[in-house]
Every structure is written in structure tokens, then in C-alpha cells.
1. Which residues, counting only those in the range B:135-167, are among the small types (Gly, Ala, Ser), in a helix (DSSP H, G or I) and farther than 21 Å from A:Thr185 by Cβ?
2. Among the residues of the range A:43-57, count how many are open to solvent by 30 Å² or more (accessible area, probe 1.4 Å) and touching a Ser or Thr at 6+ places or on another chain (Cβ under 9 Å).
3. For the range A:156-185, give me each residue that is within 19 Å of A:Glu23 (Cβ to Cβ) and among the aliphatic types (A, V, I, L, M).
4. I need every pair where a residue in the range B:27-55 that is at the interface with chain A (Cβ under 9 Å from one of its Cβ atoms) and without any contact (Cβ under 8 Å) to a residue 12 or more places away in the chain has its Cβ under 8 Å from the Cβ of a residue that is basic (Lys, Arg) and assigned to a helix (DSSP H, G or I), sequence separation at least 6 or different chains.
5. Among the residues of the range B:23-45, write down those that are open to solvent by less than 60 Å² (accessible area, probe 1.4 Å) and either at pLDDT 90 or above or not in a helix (DSSP H, G or I) (or both).
6. Is there a residue in the range A:48-59 that is farther than 30 Å from B:Pro27 by Cα, more than 10 Å from chain B (Cβ to nearest Cβ) and either at pLDDT 75 or above or in contact with a helix residue (DSSP H, G or I) (Cβ under 8 Å, 6 or more places away or on another chain) (or both)?
7. Name the residue, out of B:Arg75, B:Arg63, B:Arg56, that is modelled with pLDDT of 75 or more and either more than 19 Å from the chain's Cα centre (by Cα) or surrounded by fewer than 19 Cβ atoms within 10 Å (Cβ to Cβ) (or both).
8. Quick one: in the range A:12-42, which of the residues that are under 27 Å from the mean Cα position of the chain (by Cα) and of a type in the set (Asp, Glu) is least open to solvent (accessible area, probe 1.4 Å)?
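The values are calculated or read from the model by the stated rules, or taken from the named source; none is laboratory data. Quick caveat: nothing in here was measured; it's all calculated off a predicted structure. As a convention, Cβ positions derive from the backbone with ideal geometry for all residues, glycine included, and neighbour counts pool all protein chains shown. Note: areas computed on protein heavy atoms with side chains; ligands, DNA, RNA excluded. Shrake-Rupley method; radii C 1.70, N 1.55, O 1.52, S 1.80 Å.
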Amino acid sequence: MTWTPPQSENEWLECLSAWQDGEMAPDERRSLEEFLESNPLRKAQLQALIAVSNSLQDWKVEDPEPSPAFVRRLKKAFPGKNRLGDSIRRSSGLSVPSWAFQFAFFLLGALVGAFAMSLLPLDWKSTSHILSSNVSSQPGVVNIFIAPDQAEDLLREVAAGNLKDDLLRNVQNKQWKKAISLYNTLLEKYADTTAARQVVENKDVSPLKELLRSEERI
Amino acid sequence: MKSDFWDSFGENYRDLYRFAVRMLDDPESAEDAVQESFLRLVQENNERLQGESARRWLFVVVRNLCISQLRKKARQEFAVQLEDLQSAAMTPSEAVQANERSACVKTAVQELPIPLREIVILREYENMRYADIAAILGCPVGTVRSRLAAARDRLRKRLEPLMEANT
């Protein structure tokens, strides 16, 4: 796709904003970056948008835990031995499901997973493509059965991959507040994913780690 | 490894709460909205609502509850809101106060019209992709893109004194 510079001021704003969020096609992105090298006015406009995003990170909101009263209410609304009940029991520090239940669930998951994998001799990239196509229900995409456990893992990998891309771009652009927020999100929520491991080992992230160390945040 | 949506119960609860509290600026109402959404999910008893689809469904419900709450509040407090907006205007001298930075940003975001505010919160604070935001709001990706750009432009103008004081 050929990139042509936007015509109106609104189009420029949308274009720069989309670049900031990593929502441009790679070739369009490259073309814009080349254009910006020779256009300090638009570059300054982009830096102003980045500064806005950085400023927004000053508004922090504390994360509360679900109150015990609500957990009790939810549990009451959903009685019986099931995943929600089990999850709430774990969340509220009550007993975990019995070993027999866990084993049966594991066995079922493994069988369904093995069956799904035999139908899907695909690598990570192609699998995540199919999965995201399923989620968005785009016309013309063939829906292929995939085990719920695998789907969840794949979605996590895709989400973590997106966070990683965002993080690396923010590090490259020295958007430190945003980068720190993404880094923390990635390590807190997706520590078990390939993307999180790659970020930890990535030398490009070293300046961010240095910054965090200097602030005694890690 | 999280294999089921409900294994992420606490995590989803916190993400939804952050979204609601930023929309409403009222922790109590935010908590009510989040709890209501989980109860509705349970009542829905829909096997297809698992993983990401359940999370997205919850965001849609919380968003609708927030908007309905905001509309109700707007009807009740129209006159008071006008006064608040005037008194909440920032000046450079206020902006340089480090402990007021958070309050300034909060005011600026909450002054945005709801259609712009919700997109800013989902993108800037919840790090959602445009496609996910569009799915939650039930609008085209192009709308997300243009509204976000417009919101950032407004915020840039609104937060200029704060950013200048910071440089």
C-alpha cells in the first residue's frame, strides 16, 4: 500500500495518533517515519501527542480486590461445583477443588487438546491468525475447532505479543512512563508468555531496566 | 497458566474497576457497576461467554452502566456541573504543583465528552487495541481512530500548561 501524506489537519492528527499506538501497516509506518525526518513541524506535533500520553499516566487508580461480601453474593448466585465456584473459592482463600476433579478436568483438557492439535499442524503465527480471525468473526474465514484451554493460551500469547510490540516502540521513542506501564503489565499479567520472556532477555529494553533500577522499582 | 476466564476473576475485576472509576470518578458507583456486570454474566449463563469474549462482554456491560449512571447524574446535577467546570479550570501555577498533576489529568480526562473519554481510558490506561475498543463500543475501527485523535488534541490543549511546567 502506498502512503500519501494526509491532506487535512484532522487526518494528520489521526495518522500521528495511529502511529503512536502502533496501529499503522508496517510500510505506511516506514513511509511516515521517513517523511517526519524531513518535516520538523509534524515531528513536533507527534512529540506533543506523545507528551500528552505520558502526562495521562500521572492519573493513577488503585486496584481494589473484590470485597468478601461481593464474593459471597456471587458465589450464592452461582452455587454448585463448577469453575466459577472453584475460582471464587480460590479468590477468597477457601479450599481448592478435590484432586479427582482436577485430574478429570486435566485429562479431558489433554484429550481435547491432543485432538485439536492433530487437526491443526500449524505454527504459532498461523494459529494466532486463525484464532484472531475467529474472534473477530470476519466473513470468509474458516472457523476451525480449537480447545478452550489452547484458545485461552493463544489469546494470552497474542495479547502479550501486542504489549511487547507497544513496549519496544515506546522504549525506542523514549516514552518512559508508557513503557514502564507496559513493562509492568507484561510482567504482572503475562509473565508466563513467550513475549514476556523475550522482553526480559531483549537488550533493547536495557535502558528501561536501568531506569527502573535507578528508581528502585525492581 | 490461566486456562479459564474465571481463573482470571480477580484480574478482570481490577481492570473493569479501573475503567469504571475513571469513567465515573466515584469508587462506590464504579464498584457497583463492576459487581452488577459479574452478576449479569452469571445470570446470562451462556456457555459461549468464555475467555476474551466474556471479558469483552463485561466491558460492554460496565460501559453501558457507566453511561447510564453519567446521564442520570448529568440530569440531576446540570447546574452544579457548570459551576464545577469553571472552578476546575487549571492555571499554570496550579499545574506546577506535583501533587496536583494527577488531579489535573483526571479533570482534563473527565471533561471530555463521554464518546471521547471512554476511548481515551480504554486505550491509554487499559492498553487495548483499536479493534478491541471498537468491539466493546460497537463502532467501526475508523471511528475509534478519529475520536482518539480528537481526544488527544483536546487533551494537548487542556494539559499544555501542565506539560510546559514539567519541561
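1. B:Gly142, B:Ser146, B:Ala149, B:Ala150, B:Ala151, B:Ala165
2. Qualifying residue count, the range A:43-57: 1.
3. A:Val158, A:Ala159, A:Ala160, A:Leu163, A:Leu167, A:Leu168, A:Val171, A:Ala179, A:Leu182
4. Listed pairs, sorted by first residue: B:Gln35/A:Arg73; B:Leu39/A:Arg73.
5. B:Met23, B:Leu24, B:Asp26, B:Ser29, B:Ala30, B:Glu31, B:Ala33, B:Val34, B:Gln35, B:Ser37 - these are the residues of the range B:23-45 that are open to solvent by less than 60 Å² (accessible area, probe 1.4 Å) and either at pLDDT 90 or above or not in a helix (DSSP H, G or I) (or both).
6. No - not one qualifying residue is present in the range A:48-59.
7. Checking each option against the conditions leaves just B:Arg56.
8. Restricting to residues being under 27 Å from the mean Cα position of the chain (by Cα) and of a type in the set (Asp, Glu), the top hit is A:Asp21.
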